[in-house]
Structures are given as C-alpha cells and as structure tokens.
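Undergrad: The following block contains the structure, expressed as structure tokens.
The values are calculated or read from the model by the stated rules, or taken from the named source; none is laboratory data. These numbers were taken from a predicted model, which means no experiment stands behind them. All Cβ positions, glycine included, derive from the backbone under ideal geometry; neighbour counts span all protein chains shown. All accessible areas refer to the heavy atoms of the entire protein, side chains included, with ligands and DNA or RNA removed. Shrake-Rupley method; radii C 1.70, N 1.55, O 1.52, S 1.80 Å.
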Amino acid sequence: MTNISIDALAPERQEPSPGEPENWWRFFTFSTDHKVIGIQYIVTAFVFFLIGGFLAMVMRGELITPEADLVDRTVYNALFTMHGTLMLFMWTFPVLNGLSNYLVPLQIGARDMAFPRLNAVAFWLVPIFGVILMASFLVPGGPSQSGWWAYPPVSLQNPTGNLINGQALWLVAVALSGVSSIMGAVNIVTTIVRMRAPGMTFFKMPVFCWTVMAAQIIQLFGLPALTAGAVMLLFDLMVGTSFFDPAKGGDPVLYQHFFWFYSHPAVYVIMLPIFGVFSELFPVYARKPLFGYKVVAVSSFIITGLSGIVWVHHMFASGTPGWMRMLFMFTTMTISVPTGIKVFAWVATIWGGKLKLNTAMLFALGGMTMFVFAGITGIMLASTPVDIHVNNTYFVVGHFHYVLYGSMTMGMFAALYHWFPKMTGRMYYEGLGKLHFVLAFVGTNLNFLPMHPAGLMGMPRRVASYDPEFAFWNVLASLGGFLLGVSTLPFLLNMISSWVQGEKAPANPWRAIGLEWMVASPPPHENFDEIPTVIAEPYGYGKNEPLTAQQAALQQLASTEVA
Ligand code: HEM
Ligand SMILES: [Cu+2]
C-alpha cells in the first residue's frame, strides 16, 4: 500500500497544442471540437433562457393584478406559448446537449465524439431554428397562440390567412429541432457505445454517461413521433390536408398521441442527465462513494423503458376510455420506483458525509429537494381522479415548474458551476455564486409554491385575467418571479467576470475522481495525450485507489521512490 495521494498526480496546466486557436473566435466558427461545440450549445441556450425568462417576467407582470391590463389577451397567449417553447426547445434540450457534448468524450476517455461534423451541423441548426421561432414575433398576427402543445383545432386557426404565419414558423422550428436532436442522439449514443477507453466497461462508466445514454435513446424512439406529428400538422395548416382537422374528418386526438408519445418521455430526456449530475456531485462534495452505483446506473434504463408507456396520463381528460385511464395511471405510478431508488441513493451518499457546501453543491441539494417535492405532486397528478379535478389549473403549472426550474434548471446551474473551472480554466467567485443560489432558491419557491393552492382553488392556466379570490397567491408568485429574474444577474456577472479574470483553475480543483479531472483545465485539443486504461469505477472516495492503470503505475513508482 501507499500513502501518496492520487491528487498529487494531477498534471499541470498544459499549453494548447500549436495551430489550435485559443481565442474567443473559435466559438463563432464551424468547429468540430466537442468542447467548443459544448460551450456553443450552452451559451446559445442561455441566451434563449434569458429571452424566455423575459417573457415570463411580462406574464408575471400581467398576473400581479386580476384584470388583463398590462398586455392584451392575445398577446398573453403568444407570451405563454413562446415562453414554454423557448424554455423547452431552446433552453433545456440545447443546454443539456451542450453539457453532454462537453463531458461525455472526456468522461469516457475519448478524443472527440464519434461524428464530429454531424455534431457541428446539429449545433448550428439550433440558432437557425431559434431565429425562425423568434421571427414569428415579426409576421402579421404575431407568434403562435396555441400553447407549447399546439393542439388542433386551435393550432389550425389562421386568423390572418397568410401562408407564412406564427404557427407555421413554430412548426418548422419544432420539426428542425427534432432533426437536430436526432442527429445529436445518434452521435452521443454511438460515442458512448463505441468509444470508451480500454478497461471502461459499462459498470466503470460514470453515472452521468449512463443517464445521458438513457436519455438519448428516448430521443431516438420518441422524436420521430413528434417530428412526424409536427410535419403533418404543418401540412394541415399550409396545404389543406386533414390529418387532424375535425371539420374535415381528421382526428385531433391522434395528434395528442403523436405529441405526448414523445413529450412525456421528453421529461426524462430533460431529467435523466440532471440525475446524472446529482450522482456525480454528491460523492465529490460528501467525500463518499456513490451509494448503490450499479443500481443507480441501471435504474436510468428502467426509467427510459417506463417513460415510453405512460403518455396517456396527459390525456385523462381527452375522452380516454376508463380501462386506458386505469392502465396509464398504473404505469405512471411505477416510474416512482426507479426514481425513488435514485433519491434514496443520493440521500444515502450524503448521509453522514463531510459536506462541502460550495455553490455547486448547494444547487445540487436544492435541486434534489425540489425534485422530491415535484415527485410528490407528480404522483398526485398521476391519479386519474385527482388529475380530472386539477387538469389545466395552476396546480399543474406549479408541478412542472418545480421539475423544470426547481430541479432541471437548478441542477444545470449545479453542473455549470461544478465544471466551470474545467471548461474555462478559471475559478468562479463563491460569494456571487451563493448569492445566486439564495435568490434562486427563495425565488423558485415563492414563485411556484403559491401556484398549488391557486390551482386547487380552481384557477385555470393560460389566462391573462382571473377571479380576484386568486389575487393573493398571484401577488406572491409574481414577487417570486421577479426575484428569479434578479437571481440571474449575479450568475451572469460571475460567469463573465470569472471567465475573463478569475483565478486560474488547477486540473482538479474539487479533488474529484474521473478522467475529466486528470487532464488540464481547460483540456488540451483531443483531450488526452495518451488514452488512459481504466481499472476502477469513478466513485472511490475515501479509498485512495487509482482510477487508471497509468495512475497505478505512477503511484507504484512514487511509493518505491519514497521507500
Ligand atoms: C423566472 C422563471 C419562470 C417564470 C416566472 C415562469 C412563469 C410561467 C408562467 C406565468 C406560465 C404561464 C402559465 C399559464 O398561463 O398557463 C408559464 C408556462 C410555462 N413555463 Fe414557465 N416560468 C419560468 C421558468 C420556466 C422554465 C425554466 C421552464 C422550462 C425549463 C418553463 C417552462 C414553462 C412551460 C413549458 C410552460 C407552459 C406553456 C404553455 O402553457 O403552453 N418555465 N411559466
Ligand atoms: Cu407526462
């Protein structure tokens, strides 16, 4: 045995290899480097997050009083449609693709993704369909008003009569988003299956890679349904087919099946990688091995499987026959088993650990807590009788914002802080980070908790004006919303100033275990001088065991020299 710490073996910052532009320019080029593409995705997604957040501020401004006074009702329809669409298609998916792009090759010991050029094409489609979506603000009649589901027959109304209208642009953008995400999924799954370093069996692979793979498989089986549905709806709207138009004999409920067959599993495309983030961060900041590593890893695939057979829970109120409601209520509730397993494993990981409460860990703890809350309201909604009662009320809006802000967005912030030193080579400022956390945590709860009582009292969603009895809860929610808006400022300030002038980051600032922490910050072009041979799972905290054969040899050498 040896007492040489494996941290001492981390390399110094390496200079970029000659010929590789280290300047900001490369972020505006058609780069095929997965690390550049990862950052391109993340920054682009964040810009759209700010736009979507701005629209949310306007909505909360409208909702602070019961009357529709700040904006017109049709404008409000466009606001929630574009807010939901931007947040899902322009924030969650691209930012997760960015994180996966950046981390997966590093974590599995590969030099790049399997298809670097396809990777760049998939990314560059994002700003293209983002601009198409935003262009709908400029066409006569404005953006789509049919919500992020675009249910026909509402979505087939075309009040301006123009061929190019907000709904058409929306559908083109969503279809292109599907194409881009399918490209990304093919690439990521292939990379994980084919390009792992020698020795890295699936059961030595970081949980983040497991969850990303489980998520991207959902994209592969689900997205064709959504994309096909969007294109068929586009045909109905623009060339007069009648797949979904009830007036012409089409079936609008068929569209709901196309839509939810993808869009429920999409929740797990969004959440699975965040589960991966929690599984990576808790062991590092609790200095304990991940509890039940194999079970946590495999439960990701159980979630993938189950996620494909629950979509009708969004259609309990769509005239669905009783036996189907029963069936889908049951399948939906079973999802709580593999997710519950993960939560128990995280709690067991941090239990009794010496917690290091830096910004990344605070966001991870906050995100996990709010996920548990969202899980409880989710189980309530899975129950058909409850859902029939609160369907299309603010209870649902509260529930899914706990998922999408409370856990996904908070979890993403945890990841961005944790891997910021790796990505930029700079440390972030803890003070600003903690301020961000406090504002975001208080803001999220103040914004979205009051939506539950409002919903139970019967406040419908997607309305610009409401009965004064709901005013109290809405004032609270609006204050929370504005607080969330403010919370983004310290984050922006922190990221920009740290990147420009932060303290230089060592290779492994958090004393974490994992291949990505064994290369310089930021990693050199093509990541590894020599591809490592993996000999252990990456959660050996407190065990001081080497992760790679190279590390083991160095340790051996060091201990013989000491002796
Ligand atoms: C500052 C933070 C946010 C605020 C204040 C906010 C507020 C709102 C409001 C007021 C609505 C309209 C509810 C209705 O009228 O039915 C809404 C809808 C929605 N929000 Fe958010 N939101 C925020 C963040 C997010 C995030 C981060 C996501 C996703 C990652 C998200 C996803 C959605 C979706 C999918 C809808 C549904 C749109 C629809 O009904 O078609 N929101 N939000
Ligand atoms: Cu669902």
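Undergrad: Hey, how many Å between the Cα centroid of region 289-367 and the Cα centroid of region 198-213?
TA: Taking the Cα centre of region 198-213 as reference, the centre of region 289-367 is 19 Å away.
Undergrad: Relative contact order for the chain using alpha-carbon pairs under 8 Å, separation at least 6, rounded to a whole percent?
TA: Relative contact order comes out at 20 percent.
Undergrad: Where a ≥ b ≥ c are the square roots of the eigenvalues of the C-alpha gyration tensor, would you call region 170-324 rounded, which needs a/c under 1.5, or, failing that, prolate if a/b is larger than b/c, or oblate?
TA: It is prolate, given that a/c is not under 1.5 and a/b is the larger ratio.
Undergrad: I'd like the accessible area for Met495, computed on protein heavy atoms only with a 1.4 Å probe and all protein chains in place. Round to 10 Å², please.
TA: Estimated to the nearest 10 Å², Met495 gives 30 Å².
Undergrad: May I ask for the Kirkwood hydrodynamic radius of region 47-106, worked out over all distinct Cα pairs and given in angstroms to one decimal?
TA: When all Cα pairs of region 47-106 are included, the Kirkwood radius is 12.8 Å.
Undergrad: Between Asp529 and Met57, how high is the FRET efficiency from 1/(1 + (r/R0)^6) when r is the Cβ-Cβ distance and R₀ = 60 Å? Nearest 0.05.
TA: The formula returns an efficiency of 0.80 here.
Undergrad: So what is the relative contact order of region 51-201, in percent, for Cα pairs below 8 Å that sit 6 or more residues apart?
TA: Relative contact order comes out at 31 percent.
Undergrad: Given points 7 Å out from each Cα along the Cα-Cβ axis, report the Asp251 to Met427 separation in nanometres with one decimal.
TA: It is 6.2 nm.
Undergrad: May I ask you to derive the FRET efficiency for Ala549 and Ile128 from their Cβ-Cβ distance with R0 = 41 Å, giving the value to the nearest 0.05?
TA: Using R0 = 41 Å, I get an efficiency of 0.40.
Undergrad: I've got another one for you. Using 7 Å Cα-to-Cβ label points, what is the Lys354/Val295 separation (nm, one decimal)?
TA: The answer from the label model is 2.7 nm.
Undergrad: Relative to the compact-globule scaling 2.2 N^0.38 Å, provide the ratio for the alpha-carbon radius of gyration of region 400-502.
TA: For region 400-502, the normalised Cα radius of gyration is 1.30.
Undergrad: What whole-number volume per residue, in cubic angstrom, does the convex hull of the C-alpha atoms of region 367-455 give?
TA: So the per-residue Cα hull volume is 83 Å³.
Undergrad: Now, a different point. Which log10 I(q)/I(0) values does region 273-387 give at q = 0.16, 0.22 Å⁻¹ under the Debye formula, counting every alpha carbon as one identical point scatterer?
TA: -0.77, -1.14
Undergrad: To one decimal place, what orientation-averaged projected area in nm² is obtained for the convex hull of the Cα set of the chain?
TA: 25.5
Undergrad: Sum -39500 (n - 2.57) across every DSSP H segment of at least 4 residues in the chain, then divide by the residue count to get the 222 nm mean residue ellipticity, nearest 500.
TA: Taken over the chain, the calculation gives -21000 deg cm²/dmol.
Undergrad: How would Trp419, Trp499 line up by accessible area, probe 1.4 Å, largest first?
TA: Of Trp419, Trp499, the descending order of accessible area is Trp499, Trp419.
Undergrad: A further question on this structure: Got a sec to turn the phi values of region 517-523 into Karplus ³J(HN,Hα) couplings, 6.51 cos²θ - 1.76 cosθ + 1.60 with θ = phi - 60°, whole Hz, x for Gly and Pro?
TA: Karplus-based 3J(HN,Hα) across region 517-523 equals 8, 9, 10, 4, 10, x, x Hz.
Undergrad: Under the rule of at least 5 residues apart or a separate chain, name every residue whose amide H is placed under 5 Å from the amide H of Thr393.
TA: When sequence neighbours closer than 5 places are left aside, the close amide H contacts are Arg461.
Undergrad: Compute the accessible area per residue over the chain, keeping the other protein chains in place, probe 1.4 Å, unit Å².
TA: Here the per-residue accessible area is 38 Å².
Undergrad: Summarise the accessible area of the chain (1.4 Å probe, protein heavy atoms) by the percent that is carbon and sulfur.
TA: Carbon and sulfur: 70 percent of the exposed surface of the chain.
Undergrad: Given a 1.4 Å probe and the protein chains all in place, what does the accessible area of Lys434 round to, in Å² to the nearest 10?
TA: Accessible surface of Lys434 is approximately 80 Å².
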